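**Q** The structure under discussion is supplied below as structure tokens; questions concerning it will follow.
The values are calculated or read from the model by the stated rules, or taken from the named source; none is laboratory data. If you're wondering where the values come from, they're calculated on a predicted model, not measured in any experiment. Heads up, the Cβs are rebuilt from the backbone with ideal geometry, glycines too, and the neighbour counts pull from every protein chain shown. Just the protein is used for accessible areas: all its heavy atoms, side chains included, with ligands, DNA and RNA removed. Shrake-Rupley method; radii C 1.70, N 1.55, O 1.52, S 1.80 Å.
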Amino acid sequence: MTTYKPRVISLTKTPGQTFGFYLRVEQNEEGHLIRCLEMGGPAELAGMKDGDRILRVNGTFVDGLSHSEVVELVRNGGASVTFHILDESSYKQAKALGVNLSDPQHTPVANGATKEPPKLKLCYLVRSKMGFGFSLRSARDEQGLFMTQVDSGKIAYNAGVRNEDRLLEVNGENIENHTHDEVVEKIKLGGKSIMLLLVDKETDSFYRNKKNKIGSWLATVKFLPLQPRFINMIKGSDGYGFLLRQEPGQEGHFIREVDKGSPAEKAGLREMDRVVAVNGTDVDNCSHEQVVDLIRLCLNTCSYLVVDKDTDQMYKQGKVSPMLFWEEMKDSNSPPSYTEALSLPAPAKTSMPVRDRTEEARPKLCKMEKTSDGFGFHLNGIEGMLGQYITEVVKGGAADRAGLENDDIVIEVNGNNVEQSTHAEAVNIIRRSGNTLEMLVARQDVYKQLKATGVKTTPLLLGESSKGKTHTAEAPEPNRKEQQQEEARPETPPQQERQRTPSVSSSSSEDGIDERL
């Protein structure tokens, strides 16, 4: 479901400090952009992302104001300013649809239901002895060049091309104002392969009626033969097991020296994969140090979007970013969930009888009462992905006494299933629970076993032994001192933890910079 609900972020700075970002307007880009986020600065810690658009400053809608006017509003806000932010993809899509962004409730609706806007398409064709399998036609009464003689089962058809598609770009270059002969010549000079940006009649009419500019940012990549890969890793005792390197003469951040048997190898990371994004953050314009900082912030679990050499070359041929794939996948019904990130086998344990293993393959129902120090755990999640898990359980705290353990997967909170909920939604349920909290959780290995069976995980699985699997926190001893925790703290680690990176070592050489992660 497409929504255009902005995020509300309040930033506070101390004397002599900045908010930690640059506000920019850029050629060929609409809106007021967030750029050059300072790692560990107020903006980055609060969740601002590179490319985000600012819609409001302290309640004032600024999308139609000049750059200097917006800067002045921010400066006049003093030490604390509240921003309404929309991510880059949603902003461009909303603009293309003509959505009134000053109305936060406005979404495109058809027949009472939210309707996804139609997409252009990127099609990659490799020439055979018979050519690419299409012809181009033009007509006096129609503007543009159109696909014709696209036969079913042929190269062009199999690549997603259809008769009457209008051609917009060849290898990332707009050809709408080129003649028929110029475009034919450009295709011939393209070599053995070409990347085409096309729009069908229905989609073309949709955007023409709205008088919106169209381009590759509105395209689907589902027809492309090669796709980026999501790599999800849980850090091992020796780190993730790879080097992050900037190669001389090449742009980007590359994977080198993947250790045999490491989390990186088991997750499918390959030598010379290029890292496109870390936890959903595009790193193409980041320095080596900024990417390393992003990985360090992941703590024990990290999600990467990577491309191999062939996939990278294909996307570059069309002059489009592999982030198009990430944007499309995150809005689909099949984004990578936290459970899919658990690709590592469970740690080896002492062999137990079959009956005991079956008994263990059950969730836990943990009930706890908030103390003056909170519930005593950290609810964590992977940014841009679904699923929550438990970290930093305070020894002797309410969560610890109730049976919660680090890395437990959260299934339900107070009877509400949160497996497909965002981190913010799960946190809100916890905050509304008052002083009593009930959580259905499972160890990672148990959760994978339950999911493999296809049976829905509910308290009913506790069965006859529910008494043994239901944990209730007893009142703490009067003199027991517990470490102060919040029931749902922000995902960003405290500053002192940011500086602890025992599993990370750096080295440099004349050829580039290495970082072991």
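**Q** Would you please name the residue that is nearest to the chain's Cα centre (by Cα), looking only at residues in the range 394-407 that are assigned to a loop (DSSP other than H, G, I, E, B) and crowded, with 19+ Cβ neighbours inside 10 Å?
**A** Among them, the one singled out is Leu404.
**Q** Somewhere in the range 195-202, is a residue touching a strand residue (DSSP E or B) at 6+ places or on another chain (Cβ under 7 Å), basic (Lys, Arg) and part of a helix (DSSP H, G or I)?
**A** No, that holds for no residue.
**Q** Name, by its number, the condition in (1) part of a helix (DSSP H, G or I); (2) open to solvent by less than 60 Å² (accessible area, probe 1.4 Å) that does not hold for Leu224.
**A** The single condition Leu224 does not satisfy is (1).
**Q** Can I ask one more? Could you tell me which residue of the range 282-300 is most open to solvent (accessible area, probe 1.4 Å), considering only residues that are in contact with a strand residue (DSSP E or B) (Cβ under 9 Å, 6 or more places away or on another chain) and part of a loop (DSSP other than H, G, I, E, B)?
**A** Step one: of the range 282-300, the residues in contact with a strand residue (DSSP E or B) (Cβ under 9 Å, 6 or more places away or on another chain) are 282-286, 288-289, 291-292, 294-295, 297-300.
Cutting the leftovers down to part of a loop (DSSP other than H, G, I, E, B) gives us 283-286, 298-300.
Details: Val283: 0, Asp284: 64, Asn285: 139, Cys286: 30, Cys298: 11, Leu299: 45, Asn300: 94 Å².
Of everything passing the filter in the range 282-300, Asn285 is most open to solvent (accessible area, probe 1.4 Å).
**Q** Within the group Ser216, Ser193, Ser237, Ser205, which residue is among the polar types (S, T, N, Q) and within 14 Å of Pro117 (Cβ to Cβ)?
**A** The match here is Ser205.
**Q** Give the number of residues within the range 278-303 that are out of contact with any His (no Cβ under 7 Å at 6 or more places or on another chain) and either among the β-branched types (Val, Ile, Thr) or modelled with pLDDT of 90 or more (or both).
**A** So the count comes out to 5.
**Q** Then there's this: Quick check on this structure: which one of Lys119, Lys115 is over 29 Å from Cys298 (Cβ atoms) and at pLDDT 85 or above?
**A** After applying the criteria, what remains is Lys119.
**Q** Continuing with this model, one more query. Looking at the range 144-163, is at least one residue in contact (Cβ under 8 Å) with a residue 60 or more places away in the chain and either open to solvent by 40 Å² or more (accessible area, probe 1.4 Å) or among the charged types (D, E, K, R) (or both)?
**A** Checked the range 144-163: no residue is in contact (Cβ under 8 Å) with a residue 60 or more places away in the chain and either open to solvent by 40 Å² or more (accessible area, probe 1.4 Å) or among the charged types (D, E, K, R) (or both).
**Q** Among the numbered criteria (1) out of contact with any Phe, Trp or Tyr (no Cβ under 7 Å at 6 or more places or on another chain); (2) open to solvent by less than 50 Å² (accessible area, probe 1.4 Å), which one does Arg245 miss?
**A** Condition not satisfied by Arg245: (1).
**Q** Suppose we keep only residues that are part of a strand (DSSP E or B) and within 18 Å of the chain's Cα centre (by Cα) within the range 374-393. Which one would you say is modelled with the lowest pLDDT?
**A** Leu386
**Q** Sticking with this structure for a sec: List pairs: first in the range 183-200 and at positive phi, second open to solvent by less than 20 Å² (accessible area, probe 1.4 Å) and not aliphatic (A, V, I, L, M), Cβ under 7 Å, 6+ apart or cross-chain?
**A** Nothing qualifies.
Results for (1) in contact with a strand residue (DSSP E or B) (Cβ under 7 Å, 6 or more places away or on another chain); (2) among the β-branched types (Val, Ile, Thr); (3) open to solvent by 20 Å² or more (accessible area, probe 1.4 Å), shown as yes or no for each residue.
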| position | (1), (2), (3) |
| --- | --- |
| Thr12 | yes, yes, yes |
| Ala43 | yes, no, no |
| Val62 | yes, yes, no |
| His84 | yes, no, yes |
| Gln93 | no, no, yes |
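**Q** If you check Ser138, Ser128, Ser152, which single one turns out to be touching a strand residue (DSSP E or B) at 6+ places or on another chain (Cβ under 8 Å) and among the hydroxyl-bearing types (Ser, Thr, Tyr)?
**A** Going through Ser138, Ser128, Ser152 in turn, the sole match is Ser138.
**Q** Taking Asp273, is it crowded, with 17+ Cβ neighbours inside 10 Å and without any contact (Cβ under 8 Å) to a residue 60 or more places away in the chain?
**A** yes
**Q** What pairs come up if the first residue lies in the range 71-99 and is closer than 13 Å to Gly59 by Cβ, the second is part of a strand (DSSP E or B) and among the charged types (D, E, K, R), and their beta carbons are under 9 Å apart, counting only those six or more places apart or on different chains?
**A** Thr82/Arg56; Phe83/Arg7; Phe83/Arg56; His84/Arg7; His84/Arg56
**Q** Arg274 fails exactly one of the following numbered conditions: (1) under 15 Å from the mean Cα position of the chain (by Cα); (2) at negative phi. What is the number of that condition?
**A** Against the list (1) under 15 Å from the mean Cα position of the chain (by Cα); (2) at negative phi, Arg274 comes up short only on (1).
This table checks each residue for (1) of a type outside the set (Gly, Ala, Ser); (2) touching a Pro at 6+ places or on another chain (Cβ under 9 Å); (3) under 30 Å from Glu169 (Cα atoms); (4) open to solvent by less than 70 Å² (accessible area, probe 1.4 Å).
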position	(1), (2), (3), (4)
Ser205	no, no, yes, yes
Arg208	yes, no, yes, no
Ile214	yes, no, yes, yes
Phe254	yes, no, yes, yes
Gly280	no, no, yes, yes
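**Q** Shifting gears a bit: Among (1) closer than 28 Å to Gly98 by Cα; (2) of a type outside the set (A, V, I, L, M); (3) surrounded by 14 or more Cβ atoms within 10 Å (Cβ to Cβ); (4) within 27 Å of the chain's Cα centre (by Cα), there is one condition Asn28 misses while meeting the rest; what is its number?
**A** (3)
**Q** Take the conditions surrounded by fewer than 20 Cβ atoms within 10 Å (Cβ to Cβ), in contact (Cβ under 8 Å) with a residue 24 or more places away in the chain and touching a Gly at 6+ places or on another chain (Cβ under 9 Å) and apply them to Met39. Does it pass?
**A** Criteria met by Met39.
**Q** Scanning the range 408-436 for residues that are of a type in the set (S, T, N, Q) and either over 15 Å from Lys367 (Cα atoms) or assigned to a loop (DSSP other than H, G, I, E, B) (or both), which turns out most open to solvent (accessible area, probe 1.4 Å)? First the steps, then the outcome.
**A** So in the range 408-436, the residues of a type in the set (S, T, N, Q) come out as 414, 416-417, 420-422, 428, 433, 435-436.
Restricting the remaining residues to those that are either over 15 Å from Lys367 (Cα atoms) or assigned to a loop (DSSP other than H, G, I, E, B) (or both) gives 414, 417, 420-422, 428, 433, 435.
On the way: Asn414: 62, Asn417: 64, Gln420: 131, Ser421: 18, Thr422: 59, Asn428: 70, Ser433: 25, Asn435: 98 Å².
Only one residue fits best here, namely Gln420.
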